[in-house]
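The values are calculated or read from the model by the stated rules, or taken from the named source; none is laboratory data. For clarity, every value in this text was computed on a predicted model and none was experimentally measured. We place every Cβ from the backbone using ideal geometry, glycine too, and count neighbours over all the protein chains shown.
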């Protein structure tokens, strides 16, 4: 039997926890689709994320090295975000999940109706 | 610019929200690895999930048609869970994510140290 241990350095659990936040996936998809973006553009693109949650999500992705933040010394300072190489390498897997969702959504929605 | 609309029937957002729950992914992986399992075995396998959270997760996966629950009329009643065909079709994508995690975890952990 496979066990997922609550403590220790388990990469499976670790990545699932981080990606197990829908905002992370949405930010990665948005940045991949649009290239370099300002905070306000990301916020406009993912309408219902709060400013605070988007800030936290971007900081986490930046700390993990999936997203890079660039600050331009202008007045007011311009801050832009883009995917790193590691971030881009995750995109095909997220797209595969999205493709699976598109293929199976009809069945899943039907199941929900029956099981309600 | 791609927009993820907060309302309406968006399958991308929908699947990311559902999968954007690490317990769902862990339950699916566990059931795939072990086949048919009782509630208590799933709980033992994913040690730090609460009984309530595991119940909710299994109900959601069942409502979506990814997991099937079978009740055997014994005393006490035996309840077993296994993946449906739709549930199994999601496994390769989750495994791809896990593979990506294993390939990139060293880099990500290094990034976190530098960015702390």
Next on the checklist: For the structure I just gave you, tell me whether residue A:88 is within 18 Å of the chain's Cα centre (by Cα) and more than 10 Å from chain B (Cβ to nearest Cβ).
Outcome noted: yes
Checklist entry - Out of all the residues in region A:21-31, is one or more at pLDDT 90 or above and in a loop (DSSP other than H, G, I, E, B)? => result no
Checklist entry - Can you name every residue in region A:44-61 that is surrounded by fewer than 20 Cβ atoms within 10 Å (Cβ to Cβ) and at the interface with another protein chain (Cβ under 7 Å from one of its Cβ atoms)? => result A:47, A:48
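Could you check, for region A:63-84, whether at least one of its residues is assigned to a helix (DSSP H, G or I), modelled with pLDDT under 95 and facing chain B (nearest Cβ under 9 Å)? Give the derivation first.
Keep residues of region A:63-84 that are assigned to a helix (DSSP H, G or I), which gives A:63.
Subset that is modelled with pLDDT under 95: A:63.
Right, trim to facing chain B (nearest Cβ under 9 Å) and you get A:63.
Looking through region A:63-84, at least one residue is assigned to a helix (DSSP H, G or I), modelled with pLDDT under 95 and facing chain B (nearest Cβ under 9 Å).
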Checklist outcome for this item: With criteria (1) assigned to a helix (DSSP H, G or I); (2) under 17 Å from residue A:108 (Cβ atoms), residue B:111 comes up short on (2)
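Would it be correct to say that residue B:99 is modelled with pLDDT of 85 or more and surrounded by 16 or more Cβ atoms within 10 Å (Cβ to Cβ)? Explain how you work it out, then say what you get.
Values: modelled with pLDDT of 85 or more: yes; surrounded by 16 or more Cβ atoms within 10 Å (Cβ to Cβ): no.
So residue B:99 does not fit the description; no.
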Checklist entry - Somewhere in region B:35-48, is a residue part of a strand (DSSP E or B) and closer than 23 Å to residue B:99 by Cβ? => result yes
Checklist entry - Does at least one position in region B:86-94 carry a residue that is within 22 Å of residue A:13 (Cα to Cα), modelled with pLDDT of 85 or more, outside any loop (DSSP other than H, G, I, E, B) and in contact with a strand residue (DSSP E or B) (Cβ under 8 Å, 6 or more places away or on another chain)? => result yes
